[in-house]
Amino acid sequence: MVFNTGASLLDAIVLAVVSKEEEGTYGYRITQDVRGAIDVSESTLYPVLRRLQKDGCLEVYDRECGGRNRRYYKITSDGSAQLGMYRSEWMDYSRKITALFAGEEFV
């Protein structure tokens, strides 16, 4: 993709991915789901996960899987509120950019 992905957009994408699973999801799966939308490395995503946890948007817990612990991330109520704000902002932003690309006026 030729467009840069800023920190806020990465936060929004990660929160959207994690919010799909009520019980949370693990890091590798988050990476795979995010990669379905944008090209991003694991080394980019793990700092995003840590920042979202520090900000109270995600809670983290470990679960045993195949004899090993797997770290899970679950969206919090603060994270859901933040995701709602991101969704609202994205709808407005994308509508304006789409109109601009289509040569239309936007309000």
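The values are calculated or read from the model by the stated rules, or taken from the named source; none is laboratory data. Computed from a prediction, not measured in an experiment: that's the story for all the values here. Methodologically, a virtual Cβ is constructed for each residue, glycine included, from the backbone with ideal geometry; neighbour enumeration extends over all protein chains shown.
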Legend entry - Qualifying residue in segment 15-30 (condition: surrounded by fewer than 15 Cβ atoms within 10 Å (Cβ to Cβ) and in a helix (DSSP H, G or I)): yes
Legend entry - Members of segment 1-14 that are in a helix (DSSP H, G or I) and of a type in the set (A, V, I, L, M, F, W, C): A7, L9, L10, A12, I13, V14
Inset, instruction - Restricting attention to segment 72-107, report how many residues are at pLDDT 95 or above, outside any helix (DSSP H, G or I) and not hydrophobic (A, V, I, L, M, F, W, C). - result: 4
Legend entry - Residue satisfying condition, being modelled with pLDDT under 95 and more than 24 Å from Y93 (Cβ to Cβ), within set R50, R68, R35: R68
Inset, instruction - May I ask you to list the residues in segment 53-65 that are farther than 14 Å from Y28 by Cβ and modelled with pLDDT under 90? - result: E64
